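The values are calculated or read from the model by the stated rules, or taken from the named source; none is laboratory data. All values reported here derive from a predicted model rather than from experimental measurement. Methodologically, a virtual Cβ is constructed for each residue, glycine included, from the backbone with ideal geometry; neighbour enumeration extends over all protein chains shown. The protein model used for the area step is the full one, side chains on, heavy atoms only, and it has no ligands, DNA or RNA in it. Shrake-Rupley method; radii C 1.70, N 1.55, O 1.52, S 1.80 Å.
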Amino acid sequence: MKIKNKITFIFVILVATMQLVIFTVIYLFAVDYTTSAFFDKLKKRTIIAEQSYFEKDTLNVEIYEDLRRKHLQTLPEEQEFIFPINTELKAISEELKIALPETFYSSLITHNYAEAKVGKTFLSGINYNDHATNYLIILTAQDHDGVNELSNLRTLLFFLFLLNIIVLLLLGRFFAKRTLNPLTQIIEKVNTIRVTNLHERLQTTHNRDELSQLASTFNDMLDRLETSFDIQSNFINNASHELKNPLTAILGQTEIALLKERSPEEYIKVLEGVETEALRLDALINSLLKFAQTENDEKGLLISPMRLDELILEVKGNIDLINPENKIEIDFNDFPENPDLLVVEGNYGLINIALNNILDNASKFSENKKLL
């Protein structure tokens, strides 16, 4: 799965979960509000029923008729029941055809009022005292309007949730694509870089975000690769140039020696020349190997401290091995007495090769005259 798809998916899951929690809270609040409102209506109906049955004689005709008009506006599936106080719970349940909760019955006896919900049926009851005789007035009804309203609310929330999911998918994909667009450009640019265009670099910005750091990291890697390829190219050029002369000299001397029979002294002289060129070739190969094995740091060549006097003595030893007849002399009189001042920073292998080539060429082209 691509990163932008992962980001879109996570974004949709998080926001959708938050919306689902919010919608659930809204629905539960609506359920609680609808239930409480219907219990209030049922309680009022219970009070009206109590007044209608037991207080009719004490009310004037106008109030009684008003109560009757209200009472006639019955609730869905409304039923009224009146029981003596000593009626058992089982008998009441059988009459109501509802498994009346024991808590409802005990609250009605103890607190003179109780309400409960069994399945879809709402119950409200009053413990009424009439001339030293108590009666239990119980009303039952069903909230069809509330059920329909909650059903409509569920449907509305469901479709809103689906619509939000679609919108979140579109928005999440848009913002993920826009956010990762610089990364896509980096990938496209990196895919175009080959050996022939290693000099090209990724475009960086002044923003210190992760994408800018990634581009800078790629550029550093390209710097190291370019340096490595340059070293490899220089190695090949140096190898072909430096190895050609000794090999040419060896082949030339052996070919001349084989043209005709020669005296032992002449063969010895040819072998000595071949030995000299072979030693020279061995030193060159060692130098080239050092060049090829040159280590790189994050910027390219590895720079380390070195002693100049030790380096010069090592180069002089190599020249003496290749050309014992050289007249190279080293004067250390002008060197500082403090050995710390002889330490310089540089690449040991490359400086060794450079000094070796300089002194070898100086000795060879001066015909072994004194060099200082």
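Within region 137-193, the only residue that satisfies the criterion of being open to solvent by less than 100 Å² (accessible area, probe 1.4 Å), in contact with a Lys or Arg (Cβ under 6 Å, 6 or more places away or on another chain) and of a type outside the set (A, V, I, L, M) is GLN142. GLN232 meets the conditions (1) in a helix (DSSP H, G or I); (2) open to solvent by 90 Å² or more (accessible area, probe 1.4 Å); (3) modelled with pLDDT of 80 or more in every case but one. The failed one is (3).
Do the conditions hold for TYR33, that is, is it of a type in the set (Phe, Trp, Tyr) and modelled with pLDDT of 85 or more?
Numbers: of a type in the set (Phe, Trp, Tyr): yes; modelled with pLDDT of 85 or more: yes.
Yes: the conditions hold for TYR33.
The lone criterion from (1) in contact (Cβ under 8 Å) with a residue 24 or more places away in the chain; (2) over 30 Å from GLN19 (Cβ atoms) left unmet by LYS90 is number (1).
In region 194-203, which residue that is assigned to a loop (DSSP other than H, G, I, E, B) and within 22 Å of SER228 (Cβ to Cβ) is most open to solvent (accessible area, probe 1.4 Å)? Walk me through how you get there before you give the answer.
Of region 194-203, the ones assigned to a loop (DSSP other than H, G, I, E, B) are 194, 198-203.
If we keep only those that are within 22 Å of SER228 (Cβ to Cβ) as well, we get 194, 198-202.
On the way: ARG194: 137, LEU198: 19, HIS199: 119, GLU200: 56, ARG201: 68, LEU202: 12 Å².
Among those residues, the one meeting the criterion is ARG194.
For region 43-55, state whether one or more residues are in a helix (DSSP H, G or I), at pLDDT 80 or above and under 60 Å from the mean Cα position of the chain (by Cα). Yes, region 43-55 has at least one match.
For region 340-350, name all the residues that are part of a helix (DSSP H, G or I) and either open to solvent by 70 Å² or more (accessible area, probe 1.4 Å) or within 14 Å of ASN318 (Cα to Cα) (or both).
As a first pass, look at region 340-350 and keep what is part of a helix (DSSP H, G or I): 340-342, 348-350.
Residues satisfying the conditions are ASP340, LEU341, TYR348, GLY349.
Listed by first and then second residue, the pairs linking a residue in region 13-24 that is within 14 Å of ARG154 (Cβ to Cβ) and part of a helix (DSSP H, G or I) to a residue that is of a type in the set (A, V, I, L, M, F, W, C) and open to solvent by less than 80 Å² (accessible area, probe 1.4 Å), with Cβ atoms under 8 Å apart and 6 or more places separating them unless they lie on different chains, are LEU20/PHE161; PHE23/LEU157; PHE23/LEU160; PHE23/PHE161. Give me the residue from region 112-138 that is more than 17 Å from PHE39 (Cα to Cα) and not aromatic (Phe, Trp, Tyr) and, out of that set, nearest to the chain's Cα centre (by Cα). Restricting to residues being more than 17 Å from PHE39 (Cα to Cα) and not aromatic (Phe, Trp, Tyr), the top hit is LEU136.
Residue under question is ILE126, and the condition is that it be closer than 20 Å to ASP40 by Cα, among the β-branched types (Val, Ile, Thr), open to solvent by less than 20 Å² (accessible area, probe 1.4 Å) and touching a helix residue (DSSP H, G or I) at 6+ places or on another chain (Cβ under 7 Å); does it hold? So ILE126 fails the test.
Taking first residues from region 270-284 that are closer than 11 Å to LEU247 by Cα and partners that are surrounded by 18 or more Cβ atoms within 10 Å (Cβ to Cβ) and at pLDDT 80 or above, the Cβ contacts under 9 Å between residues at least 6 apart in sequence or on separate chains come to VAL274/ILE250; GLU277/ILE250; ALA278/ILE250; LEU281/ILE250. Residues of region 88-108 include none that is in a strand (DSSP E or B), more than 23 Å from VAL31 (Cβ to Cβ) and not small (Gly, Ala, Ser).
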